Amino acid sequence: MAYTFKLPYGLRKEGEVERLLHISEILPHESGLRCNCVCPNCGERLQAKLPKTKEDFTPRFAHHNADTCDYATETALHMKAKEIIEREKRMVIPSVVAYYNNLSKEVSPKREVSFDRVALERLVGNIIPDILAYKDERPLMIEITITHGIDDDKFEKIEKLGISTLEIDLSDMDTDFDPEFLKEQIIDSLDNKFWVYNAVEEKEKERLKKEYLLILKKEEEAQKKAEEKRKRLEKFHEEKRQGKAERIKKLLDNNYQEELRQTWEKGLSSDPIWIKASKGMNISLHKVPEYINVEIPGEIVFGCDRRVWQAYIFYRYVNNKVKLFRDKTFPISVKRIQENVKEEFKGRLNYDLVYMKDVAGYNDVPDLTQVIYDYLKRLQEYGYLLELEAGHVFYSKFIVLDPDSVYEMRFIPTEMPEYKKIENLMKNSEWDECKELIKELLLKYSQKDHPKYFDALAYLFDCVIVRSSGGILLERDF
């Protein structure tokens with residue numbers, strides 16, 4: 001699109017040299033045709049339109065006795081831009097960044113370049129760039145764009161030449177500009193400068209391409225290896241599953257289990273886990289407590305005599321806690337016990353029985369988690385534990401109790417005024433009186449005003465009911 005605005009420049013011949021003059025350079029006595037200027041585009045005479053006051057109109061050139069020249073401003077701007085670069089012999093150029101797919105590298109920062117020499121409209125190969133600037137004998141082609149950018153044909157020629165080319169786009173330049181503003185836009189600004197082609201960028205792009213292809217190759221090799229590994233593992237696990245089913249079948253054979261038990265019993269007295277636990281609890285093989293010799297379905301998973309693993313669990317998680325903490329013990333969990341068992345019984349466990357959900361036909365056989373949980377439930381029947389409700393046996397927790405203590409009192413806040421009175425009634429097994437007292441206190445300490453007291457009393461009331469009927473408290477929903 002051609003400029004149709006005010007013409008700011010005129011061309012005047014001074015001796016053998018033609019000068020492009022801005023309207024601001026025309027003196028008052030040179031107004032009109034006395035400016036001796038012609039149109040930079042069509043060559044027709046111009047007259048300088050100079051206002052008598054600043055408010056009259058904007059100073060400008062106008063064609064004399066000729067139609068308005070559509071491309072006069074464009075040609076003047078183009079000529080002035082080349083003139084400024086030729087005169088200044090310097091320019092701030094944009095940074096050079098090479099891209100290839102997701103890789104990038106800045107190969108040259110934005111900087112000011114001082115040229116050794118500048119030539120205008122000089123043939124280079126089969127194209128004539130607007131400006132050819134040299135720095136250390138390296139050429140830089142500069143194209144000034146006003147209305148028409150660089151087309152595909154010219155771009156291909158530039159690529160074949162392999163010479164870095166910078167475009168200065170002045171298409172958005174307002175026609176009402178002065179020479180200093182134009183100079184700033186051309187020399188110092190980066191807003192309108194773009195690399196059409198950059199030899200350094202292309203070289204770096206080739207390097208990035210090689211780097212990318214190398215990365216791609218490594219990723220493909222890694223994926224290939226991962227896929228091969230996945231197939232190997234899949235095959236291994238399939239073979240293992242097939243073999244596991246056979247091994248489980250053998251382990252579950254009653255005759256085979258009896259042979260194992262006889263072997264384990266012979267080595268029981270010298271078993272280091274048994275020795276440590278039995279000494280700690282002051283028991284012997286001649287007098288093993290009933291709760292440390294409980295038959296549990298699936299116990300073959302431990303790979304040792306039941307007295308070994310049951311003594312280990314009872315000594316570490318029940319006996320020690322009662323001894324150390326009495327009524328202030330923290331809950332024990334199936335999860336934590338199982339983690340420690342796997343470490344303590346490493347090399348003993350029958351690992352095929354630790355987890356069997358992946359083997360068809362054996363889902364109903366107790367695994368390690370279930371065996372531990374079932375034993376803790378049996379200890380609860382003996383009065384040593386109290387289960388806290390959980391969603392899955394793996395996450396089940398149990399409170400450790402001391403059968404010789406009034407363990408229900410641990411839930412009653414000691415600061416409750418009636419604490420001692422309740423404790424004495426329970427120690428003396430005066431259940432009916434205790435029950436009536438708790439009823440009164442439940443009315444006194446409402447759930448709204450005293451939730452801590454109310455919840456503890458509600459739990460204790462259930463305990464007293466069970467005790468007064470001669471039963472054993474087995475479960476409680478906290």
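The values are calculated or read from the model by the stated rules, or taken from the named source; none is laboratory data. Nothing here was measured: the structure is a model prediction, and the numbers come from that model. Every residue, glycine as well, gets a Cβ built from its backbone with ideal geometry; the counts of neighbours run over all protein chains shown.
Search the range 417-462 for residues being in contact with a helix residue (DSSP H, G or I) (Cβ under 6 Å, 6 or more places away or on another chain) and aromatic (Phe, Trp, Tyr), and hand back the single one that is farthest from residue 387 (Cα to Cα). Only one residue fits best here, namely 445. In the range 126-160, the qualifying residues are those that are of a type in the set (Ser, Thr, Tyr) and not in a loop (DSSP other than H, G, I, E, B), and the one that is nearest to the chain's Cα centre (by Cα) is 145.
Quick grid of which residues meet (1) hydroxyl-bearing (Ser, Thr, Tyr); (2) more than 26 Å from residue 148 (Cα to Cα):
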site: 26; (1), (2): no, yes
site: 29; (1), (2): no, yes
site: 42; (1), (2): no, no
site: 53; (1), (2): yes, yes
site: 58; (1), (2): yes, yes
site: 62; (1), (2): no, no
site: 65; (1), (2): no, yes
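Annotation: residue 387 fulfils all but one of (1) at pLDDT 85 or above; (2) of a type outside the set (Phe, Trp, Tyr); (3) in a helix (DSSP H, G or I); the unmet one is (3).
Answer with yes or no whether residue 199 is surrounded by 12 or more Cβ atoms within 10 Å (Cβ to Cβ), over 34 Å from the mean Cα position of the chain (by Cα), closer than 30 Å to residue 169 by Cβ and among the small types (Gly, Ala, Ser). Show your work before the answer.
Working: surrounded by 12 or more Cβ atoms within 10 Å (Cβ to Cβ): yes; over 34 Å from the mean Cα position of the chain (by Cα): yes; closer than 30 Å to residue 169 by Cβ: yes; among the small types (Gly, Ala, Ser): yes.
The answer is yes for residue 199.
Considering 182, 190, the condition of being in contact (Cβ under 8 Å) with a residue 40 or more places away in the chain and surrounded by 17 or more Cβ atoms within 10 Å (Cβ to Cβ) is satisfied by 182 alone.
The single condition among (1) within 27 Å of residue 306 (Cβ to Cβ); (2) modelled with pLDDT of 85 or more; (3) in contact with a Phe, Trp or Tyr (Cβ under 6 Å, 6 or more places away or on another chain) that residue 447 does not satisfy is (1).
Contact map, the range 23-41: residues that are outside the structural domain of residue 51 (by TED's automatic domain parsing) paired with residues that are part of a strand (DSSP E or B), Cβ distance under 7 Å, separation 6+ or inter-chain. No pairs are found. Among the residues of the range 417-429, those identified as at pLDDT 85 or above and in a loop (DSSP other than H, G, I, E, B) are 417, 418.
Of all residue pairs spaced 6 or more apart or on separate chains, those with beta-carbon atoms under 7 Å, a first member in the range 151-175 that is in contact (Cβ under 8 Å) with a residue 40 or more places away in the chain and a second member that is exposed (fewer than 14 other Cβ atoms within 10 Å of the Cβ) and in a loop (DSSP other than H, G, I, E, B) are 175/5.
Residues of the range 318-352 that are within 24 Å of residue 385 (Cβ to Cβ), of a type outside the set (Val, Ile, Thr) and at pLDDT below 90: 319, 320, 321, 323, 324, 325, 326, 327, 328, 330, 331. For the range 267-295, a residue qualifies if it is free of Cβ contacts under 8 Å to residues at least 24 places away in the same chain, charged (D, E, K, R) and not in a helix (DSSP H, G or I), and the qualifying residues are 287, 295.
The residue pairs whose first member lies in the range 243-266 and is within 16 Å of residue 306 (Cβ to Cβ), whose second member is of a type in the set (Asp, Glu) and not in a helix (DSSP H, G or I), and whose beta carbons are closer than 9 Å, counting only pairs six or more residues apart or on different chains, are 261/305; 264/271; 264/305; 265/305.
With the structure loaded, tell me whether residue 411 is modelled with pLDDT of 85 or more and closer than 30 Å to residue 374 by Cβ or whether it fails that test. No; evaluated as a whole, the condition is false for this residue.
Here's the yes/no breakdown for (1) assigned to a helix (DSSP H, G or I); (2) modelled with pLDDT of 90 or more; (3) assigned by TED's automatic domain parsing to the domain that holds residue 198; (4) within 28 Å of residue 15 (Cα to Cα):
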site: 47; (1), (2), (3), (4): no, yes, no, yes
site: 51; (1), (2), (3), (4): no, no, no, no
site: 86; (1), (2), (3), (4): yes, yes, yes, yes
site: 91; (1), (2), (3), (4): no, yes, yes, no
site: 97; (1), (2), (3), (4): no, yes, yes, no
site: 106; (1), (2), (3), (4): no, yes, yes, no
site: 118; (1), (2), (3), (4): no, yes, yes, yes
site: 122; (1), (2), (3), (4): no, yes, yes, yes
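Return yes when residue 110 is under 30 Å from residue 216 (Cβ atoms), of a type in the set (D, E, K, R) and modelled with pLDDT of 90 or more and no when it is not. Considered against the rule, which asks whether it is under 30 Å from residue 216 (Cβ atoms), of a type in the set (D, E, K, R) and modelled with pLDDT of 90 or more, residue 110 comes out as no. Just give me the residues in the range 212-222 being under 25 Å from the mean Cα position of the chain (by Cα) and either surrounded by 12 or more Cβ atoms within 10 Å (Cβ to Cβ) or within 19 Å of residue 106 (Cβ to Cβ) (or both), in sequence order. Listed by number, the residues that qualify are 212, 215. Entry remark, the range 355-369: residues being surrounded by 16 or more Cβ atoms within 10 Å (Cβ to Cβ) and either assigned to a helix (DSSP H, G or I) or at pLDDT below 90 (or both) number 6 in total. Tell me, yes or no, whether the range 370-378 has at least one residue that is surrounded by 14 or more Cβ atoms within 10 Å (Cβ to Cβ), assigned by TED's automatic domain parsing to the domain that holds residue 307, aromatic (Phe, Trp, Tyr) and in a helix (DSSP H, G or I). Yes, there is a match, as at least one residue in the range 370-378 is surrounded by 14 or more Cβ atoms within 10 Å (Cβ to Cβ), assigned by TED's automatic domain parsing to the domain that holds residue 307, aromatic (Phe, Trp, Tyr) and in a helix (DSSP H, G or I). Looking across 373, 351, 312, one residue alone is free of Cβ contacts under 8 Å to residues at least 12 places away in the same chain and aromatic (Phe, Trp, Tyr). It is 351.
Looking only at the range 433-465, filter to residues that are of a type in the set (Ser, Thr, Tyr) and assigned to a helix (DSSP H, G or I); which one of those is farthest from residue 414 (Cα to Cα)? Once the filter is applied, the top-ranked residue is 459.
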